[in-house]
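The values are calculated or read from the model by the stated rules, or taken from the named source; none is laboratory data. These figures come from a predicted structure and were not determined experimentally. Cβ: placed from backbone, ideal geometry, glycine included. Neighbour counts: every protein chain shown. Note: areas computed on protein heavy atoms with side chains; ligands, DNA, RNA excluded. Shrake-Rupley method; radii C 1.70, N 1.55, O 1.52, S 1.80 Å.
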Amino acid sequence: MSSRAGRFAAYWERQLDKMDEQERRRERRLPTWRTRRRRRQLVVLVLLGDLVLIVGAASFKLASPWFSMSAWFGGFAIGAVGFALLRILTGRMSGGFSRLLDEREREWRHRITFVAYMTLTFLMIVAMFYGLLISQQHDSGVRGAMMLAALLVTGSTVPSIVLGWLLPDDDPEDFLEEGNGDE
């Protein structure tokens, strides 16, 4: 049994090392975008995408099907692009393992995780009440599922949104020294 645990521990260490290497490659991307101003622009883009996604879900079967589906998928696409860029710029804090984070990053992540959990809980309560409000309509299952999906996507973007808004500018020297090997 200990041999199996040892192999699993070695496997887990290799996976963490791979994740760490991926994060090092990712943190070198978009060096000129690593400012608070640019991250805040992306936060607004993600929030806009989330809002359009929710409008598309709320208007499903009430407005024309073309409008509702365009809004839903359009909001998802807008939010996904902004979210992917924001994840690159906020780095590993919004989703990294504790081993890969320094003490300051770990504290930020714990705070942001709590805020995101509370926000997601609130959004799921909103989805529950929305489902109850539309429950007597013949298409309530589809509309409820679309709203639940929209609010779940919105809630999952909260950690990156908060980090993108609050983090200070990255140090430009981190990108100038990447090839020196001084550290």
ask   = What whole-number value in cubic angstrom gives the convex hull volume per residue for the C-alpha atoms of the stretch 63-142?
value = 107
task = Report P(r) for the stretch 1-72: all Cα-Cα distances, bin width 10 Å, range 0 to the bin holding the largest distance, values in whole percent.
result = 17, 19, 18, 21, 18, 6, 0
message = With a 1.4 Å probe and all protein chains kept in place, how much accessible area does Asp169 have, in Å² rounded to the nearest 10?
response = 90
ask   = Looking only at Cα atoms, what is the convex hull volume of the chain per residue, in Å³?
value = 164
ask   = Which sequence of Thr90, Thr121, Thr113, Thr32 reflects their accessible areas, 1.4 Å probe, from the largest down?
value = Thr32, Thr113, Thr121, Thr90
inquiry  = Tell me the mean residue ellipticity at 222 nm calculated for the chain from its helices only (DSSP H runs of n ≥ 4, each -39500 (n - 2.57), averaged over every residue, nearest 500).
reply    = -25500 deg cm²/dmol
Protection-proxy order for peptides 101-109, 70-78, 6-14, 153-161, each taking the mean of Cβ atoms within 10 Å per residue, highest first = 153-161, 70-78, 101-109, 6-14
